[in-house]
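Just below is one structure, and these are the notes that go with it.
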Amino acid sequence: MNRSDVDRGGLGGHPRGLTTLFFTELWERFSYYGMRALLILFMVAGAERGGLGFDVKRAASIYGLYTSAVYFMAIPGGWIADRLLGQRRAVLCGGILIALGHFSLAVDTLPTFFAGLVLIVGGTGLLKPNISAMVGQLYAPDDPRRDAGFSLFYMGINLGATVSPLVCGYLGQRIGWRWGFGAAGVGMTLGLVQYVLGAGRLGSAGLRARPAPASGVAAVPLRFTAAEWRRVAAIAVLFLFSVVFWAAFEQAGSSFNLFADHLTRTSILGRPFPSSWLQSVGPFWVISLAPVFAWLWIRLGRREPSSPAKFALGLLFVGLGPLLLAIASAVAGPHGERVSPVWLVLVYLFQTIGELCLSPVGLSTVTKLSPPRIVGLMMGVWFLSLALGNYVAGWVAGYFEILPLPQLFGALFLATALSALILALLIRPIRRLMGGVH
């Protein structure tokens, strides 16, 4: 049965299952972004502050490797769901591993720190691609609510991401790092409880796994039609530009976070606040603007920009963030005077506009273009673009104390602007590969 034809009992007239997935992802992102707001700050903090005392280059390298591994593991996570567990059980197992990982970080020793990162990597690899694939399964391929549904789902991500730095950041920077990491684990536990209790709303979503053959080796079928191959090729082209986008966007948790901690005035009306609180600004903008974009895509109807055009806009806007920080770094001057937090508020505004043009649209596009029998695997491949982007982001952030910041952020702006121009020139060829999929 096509659920999207009859099920309008969820958020905003969407399928009821979207509500369950919305709140599961909300709490998972609460845990992830709460921990992320503290991670690089914890690593560079000296032992006298309870941190690990790493230099910025080493901390940024670990940060980039960790965040890239989180998304790289979406490939085996998608395969495991497609061939063994099904998306529904994969999400549950992944959430359990994530919660254990956060609680391991809270133990506050070096071995449990790295063990916690490994657990979170494995758990997110199971949860992240498969919960997104389940959202796509709630809709028919031609359902006009699909992109709007992913935008609402994305708003759930950012509700969790907005609150978590305020809670985990305050606990971590003001009381103790372990309290911030522990709060992230509590958030994931709440998400698991909600997911289990709301499973009845999901219908058949997440139950499409096929049993593995008797040999235990599951070969991925590659006998696609010519049209399916062309659509896979379109995903591959968009994949490359997604890497560039995330390399710029994911500076938020590394170099932008260090800029907030080292070069930004962290006080309002004379009252200081933790620098990690600025990590809530980007998600706040998403919450404010995601309903606007969800409405806009439907309102435009046939005039709605194609997916490649939205990608080009996303690259253009995400590049404006580093451009602003290049200017702010020049204002700070060689002696590192602190600048107004308004700079970062505007940076995250431009990043959010770019994010809403590319990220939820990318998720939706992959579910529409992927051959149905490997949608979980293809979602994992798509998250590989985030893995590579995060790895590059960590490498770039490692130059925070090496290069002059106007030069570092200016180069990042030029790279994203050039990529946006190239993609704009490729919109029509990509649309021909997509074969009528908008």
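The values are calculated or read from the model by the stated rules, or taken from the named source; none is laboratory data. What you are looking at is a predicted structure, and each value in this text was computed from that prediction instead of being measured. When we count neighbours, we look across all protein chains shown, and the Cβ atoms used for this are built from the backbone with ideal geometry, even at glycine.
What to note about this one:
- Filter result (basic (Lys, Arg) and modelled with pLDDT under 90) within segment 396-438: Arg431, Arg432
- Subset of segment 116-150 that is of a type in the set (D, E, K, R) and assigned to a loop (DSSP other than H, G, I, E, B) - its residue that is surrounded by the most Cβ atoms within 10 Å (Cβ to Cβ): Arg145
- Qualifying residue in segment 108-115 (condition: part of a helix (DSSP H, G or I), modelled with pLDDT of 90 or more and touching a Phe, Trp or Tyr at 6+ places or on another chain (Cβ under 8 Å)): no
- Taking segment 81-98 as the range and being among the hydrophobic types (A, V, I, L, M, F, W, C), modelled with pLDDT of 90 or more and surrounded by fewer than 24 Cβ atoms within 10 Å (Cβ to Cβ) as the test, the residues that pass are Leu92, Cys93, Ile96, Leu97.
- Count - residues of segment 1-54 that are more than 19 Å from Ser104 (Cβ to Cβ), at pLDDT below 90, not in a helix (DSSP H, G or I) and not aliphatic (A, V, I, L, M): 9
- Taken across segment 345-362, residues that are closer than 18 Å to Phe241 by Cβ, touching a Gly at 6+ places or on another chain (Cβ under 6 Å), surrounded by 20 or more Cβ atoms within 10 Å (Cβ to Cβ) and not hydrophobic (A, V, I, L, M, F, W, C) do occur, with at least one present.
- Test: Gly64 is small (Gly, Ala, Ser), in a loop (DSSP other than H, G, I, E, B) and either at pLDDT 90 or above or surrounded by fewer than 19 Cβ atoms within 10 Å (Cβ to Cβ) (or both): no
- Restricting attention to segment 371-421 and to residues that are touching a Leu at 6+ places or on another chain (Cβ under 8 Å) and among the aromatic types (Phe, Trp, Tyr), the residue that is surrounded by the fewest Cβ atoms within 10 Å (Cβ to Cβ) turns out to be Tyr399.
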